[in-house]
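Okay, so here's the structure we're looking at.
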Amino acid sequence: MPQTNASNEYGYRSFSVGGFSFERDEYFAHIKWPGGSHTMPMDAFLRALMRDISWSFFYGIVNFDQVFGTTNHYGNVDVFAGLYNAGYRAQNKHHVENFKTEEVRAVFEAMLDDWTNEGFDPFAAPEETGTPFGPKRGGNRAAITRKRLVANRMTGMKGDIPLRTDAAGNPVNRQFADVSQDEPEVHAEPGFENEVHAFNFFGYVSRSDVTWNPSVCSAVKYSQVCATTEEFILPIIHGNDRVEWFVQLSDEIHWDIQDRESGAPRARVVMKPGDVAAMPADIRHQGYSPKRSMLLVWENNDATLPDLYAKKKLKPNPVDF
Ligand code: PHB
Ligand code: FE
């Protein structure tokens with residue numbers, strides 16, 4: 001591996017993948033590539049890096065900001081600078097390199113591990129975590145190796161992930177103190193006790209200890225329904241390679257919607273409880289949640305979709321009004 005094990009004067013290692021190199025100091029990530037360089041504040045960089053890794057480079061494009069990011073080709077990954085930035089493109093200053101997914105993952109995981117200080121949790125809301133800044137101070141492996149919860153059958157049923165909405169589970173989040181914790185009564189016919197189930201979904205989600213991290217709570221063929229709790233800013237600007245649906249379950253999220261390729265503004269969407277939105281396949285978006293909110297993200301996991309949209313065999317918007 002081309003990584004150095006020596007630490008710099010702040011205690012941090014430097015990393016590289018292909019022509020990209022990454023260094024950190026007390027406040028910033030410094031990214032360089034042949035022909036350019038870029039600086040990101042460490043809190044934003046680590047929050048984006050955390051999600052890029054744990055979502056396996058996600059659907060389509062993960063913009064860390066308006067300059068740096070990754071594009072998932074499902075098996076290989078582009079790492080880019082300025083590729084989806086109209087200004088960089090106009091001056092031919094963009095740079096992109098393609099890697100096997102495993103190669104980028106190994107470098108990104110090692111970087112996240114080395115650069116995350118004790119007390120900083122990249123998944124936590126800013127009000128609920130310590131600082132990422134300063135010279136190197138311990139680490140936080142427990143936080144950065146969390147796995148998303150994936151249900152095998154209806155959540156809470158025998159053989160699936162335990163619900164843990166009792167004393168053994170996470171405490172109810174400070175901003176969801178008003179969410180009822182009552183559980184529904186289930187009266188199954190004899191013999192169907194292992195097939196019929198119900199639980200208080202709001203109560204369950206009110207105990208999430210992470211932000212902007214959709215967990216698959218139902219998977220039926222390609223349909224993946226993912227619940228997540230949101231507070232502050234979605235740490236990535238997501239460039240879609242398929243349509244995705246949002247259902248705002250509680251509180252409010254403000255979305256900036258931009259053209260996926262150039263970043264040109266397209267819409268502002270303020271979602272209130274009960275609102276449903278279809279995010280088109282040709283946009284990028286970033287959400288702002290002024291207080292902790294609950295969002296349901298509905299993804300279509302069909303691997304043939306990106307190509308169908310890219311070749312314009314499907315319209316980018318699923319509904320015409
Ligand atoms: C999205 O990019 O659509 C997205 C990602 C994470 C969330 C919510 C939405 O928590
Ligand atoms: Fe998205």
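General observations
- Sole exception among (1) open to solvent by less than 60 Å² (accessible area, probe 1.4 Å); (2) in contact with a Pro (Cβ under 8 Å, 6 or more places away or on another chain); (3) farther than 20 Å from residue 262 by Cα for residue 108, by number: (2)
- Residues being under 20 Å from residue 213 (Cα atoms) and open to solvent by less than 30 Å² (accessible area, probe 1.4 Å) - total across the range 269-280: 3
- Sole residue being open to solvent by 40 Å² or more (accessible area, probe 1.4 Å) and modelled with pLDDT of 95 or more, chosen from 237, 233: 233
- No other residue among 284, 268, 292 is within 14 Å of ligand 1 (Cβ to nearest atom), more than 15 Å from the chain's Cα centre (by Cα) and part of a strand (DSSP E or B) apart from 292.
- Qualifying residue in the range 229-248 (condition: within 12 Å of ligand 2 (Cβ to nearest atom), among the polar types (S, T, N, Q) and either closer than 29 Å to residue 80 by Cα or free of Cβ contacts under 8 Å to residues at least 60 places away in the same chain (or both)): yes
- Scanning the range 22-58 for residues that are in a strand (DSSP E or B), open to solvent by 40 Å² or more (accessible area, probe 1.4 Å) and within 16 Å of residue 97 (Cα to Cα) yields a count of 2.
- Residue list for the range 185-230, restricted to those being open to solvent by 30 Å² or more (accessible area, probe 1.4 Å), under 28 Å from residue 303 (Cβ atoms) and touching an Asp or Glu at 6+ places or on another chain (Cβ under 7 Å): 222, 224
The values are calculated or read from the model by the stated rules, or taken from the named source; none is laboratory data. What you see is a predicted model, and the numbers here were worked out from it, not measured in a lab. Neighbour counts run over all protein chains shown; Cβ positions are idealised from the backbone, glycine included. Side chains included, ligands, DNA and RNA excluded: accessible areas come from the protein's heavy atoms. Shrake-Rupley method; radii C 1.70, N 1.55, O 1.52, S 1.80 Å.
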